[in-house]
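Working notes for the structure below.
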Amino acid sequence: MNCVNSHTEDPGTTLLTQTDKVVSLDKLFAKYRHTHDVFLPDETFYKAVTGPEDVEHMAGSIFKWLGIKHRSITFHIDPSQDQLVTVDVHKTSTRVVVGWVNQIDPFICGASVAHAIVHHLLICRAKLDLGNDQENEELADLGTIYLGLGIVVMNGFGSRTSVLGSMARTNYVAECLDYFKDRNVVPSLWQPYVIPSVIAQNTRNHLPDNQYVPYIRTQRTTHQTHKKRLVIIGSMALVMTGLLVAVFATKPRYLSAEMQDQKESINLLKDQHKQCQDTVLRKRQTWDQSDIFILRQIEADQTRCTSLKNRYNYEVGQFNSRL
């Protein structure tokens, strides 16, 4: 998962073989509780991500399972960040920022948090920085498996916006299942916690629905409903295209009072967003950003601008769908 901006001193590039990486990870992670075990996320792990405290909750569950404290790592949300997660690793602390996608899917957020924690343990705590971003990413991907967090990361592959495309190791699922096999972690233990579509190409034995944990059953139902809707929409689109063209060609340009009010609200949101952006620009140009309190106020203003923009885009979409 390509995410790290390291602020440690560059020790020079160190290229490790697969065996070297496994040996290093086994040695580093031996100090933590549940070594050679797997983290099984329970019902309380995946929850709606509405604020940084929800991200902290996921991280806290993992750290508690590992039996370690995490005072030197902080988690934040940036609704304007397109990247899944960024990790700023310093000598003694780590700052993790998750992007807006994590707020719409807790499975993706869980994968981002797990990956960030491994970066923190490797670079900040163990001081194992290979001096090469790609090498660090591959080691962190492998580290999520050998720390026992493979289930959390794999579930991030099963969402509509999969994290698979951002992984440095494209054969992650196969490597994770090999890890389970090598350590005699039987399928009946881990499979109920994994979204079935993620491992469909890697296993022939699928469980009955009633053997999956509740949140996986819910995800499967949602996914199947989404697929059915896409089929129906695709079929209807072919039939309706000609009718829609005719309707819009003859449709009078009349807006109801309700839609007039909605249009005015949209224009107001547009003006508010512009004013907000102008305010942020003015503050950045005239205020002293070396003052941490001023910088935080500017960041808060920028977050409000992003919120206004997202709301504007949503309202425009709703308005257009009714035309």
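A few remarks follow.
- For region 115-150, a residue qualifies if it is outside any loop (DSSP other than H, G, I, E, B) and in contact with a strand residue (DSSP E or B) (Cβ under 8 Å, 6 or more places away or on another chain), and the qualifying residues are HIS115, ALA116, ILE117, HIS119, HIS120, ILE123, CYS124, ASP133, ASN136, GLU137, ALA140.
- Residue count for region 196-217, restricted to those that are in a helix (DSSP H, G or I) and within 19 Å of ASP178 (Cα to Cα): 3
- Reported count of residues in region 36-53, each being without any contact (Cβ under 8 Å) to a residue 40 or more places away in the chain and among the polar types (S, T, N, Q), is 1.
- So ASP78, is it touching a strand residue (DSSP E or B) at 6+ places or on another chain (Cβ under 8 Å) and assigned by TED's automatic domain parsing to the domain that holds SER112: yes
- Within region 18-46, the set of residues being part of a loop (DSSP other than H, G, I, E, B), among the hydroxyl-bearing types (Ser, Thr, Tyr) and at pLDDT 85 or above comprises TYR32, THR44, TYR46.
- With respect to the conditions (1) among the polar types (S, T, N, Q); (2) modelled with pLDDT under 80; (3) in a helix (DSSP H, G or I), GLN289 falls short on a single one, namely (3).
- Matching residues in region 194-211 - criterion: being crowded, with 20+ Cβ neighbours inside 10 Å and over 19 Å from the mean Cα position of the chain (by Cα): ILE199
- Top-ranked residue in region 56-77 [being touching a residue at least 24 places away in the same chain (Cβ under 8 Å) and within 17 Å of the chain's Cα centre (by Cα); ranked as surrounded by the fewest Cβ atoms within 10 Å (Cβ to Cβ)]: HIS76
- Per the listing SER80, SER112, the residue uniquely on the phi < 0 side of the Ramachandran plot, part of a helix (DSSP H, G or I) and hydroxyl-bearing (Ser, Thr, Tyr) is SER112.
- So ARG220, is it at pLDDT below 75, touching a helix residue (DSSP H, G or I) at 6+ places or on another chain (Cβ under 9 Å) and part of a helix (DSSP H, G or I): yes
- Condition check for GLY12: modelled with pLDDT of 90 or more and exposed (fewer than 14 other Cβ atoms within 10 Å of the Cβ): no
- Inter-residue pairs, beta-carbon under 7 Å, first within 15 Å of PRO52 (Cβ to Cβ) and in region 84-108, second surrounded by fewer than 24 Cβ atoms within 10 Å (Cβ to Cβ) and acidic (Asp, Glu), 6+ apart: THR94/ASP88; ARG95/ASP88; VAL97/ASP78; GLY99/ASP78; GLY99/ASP82
- Condition check for VAL49: at negative phi, assigned to a helix (DSSP H, G or I) and not basic (Lys, Arg): no
- For the residues VAL163, VAL152, the requirement of being surrounded by 24 or more Cβ atoms within 10 Å (Cβ to Cβ) and at pLDDT 95 or above singles out VAL152.
This table checks each residue for (1) more than 33 Å from the chain's Cα centre (by Cα); (2) modelled with pLDDT of 70 or more; (3) not in a helix (DSSP H, G or I).
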site: VAL231; (1), (2), (3): no, no, no
site: GLY242; (1), (2), (3): yes, no, no
site: ASP261; (1), (2), (3): yes, yes, no
site: GLN275; (1), (2), (3): no, yes, no
site: LEU281; (1), (2), (3): no, yes, no
site: GLN297; (1), (2), (3): no, yes, no
site: LEU308; (1), (2), (3): no, yes, no
site: TYR312; (1), (2), (3): no, yes, no
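The values are calculated or read from the model by the stated rules, or taken from the named source; none is laboratory data. In this text, all values refer to a predicted model and were calculated from it rather than measured experimentally. Ideal geometry is used to build each Cβ from the backbone, glycine not excepted, and the neighbour counts take in all protein chains shown.
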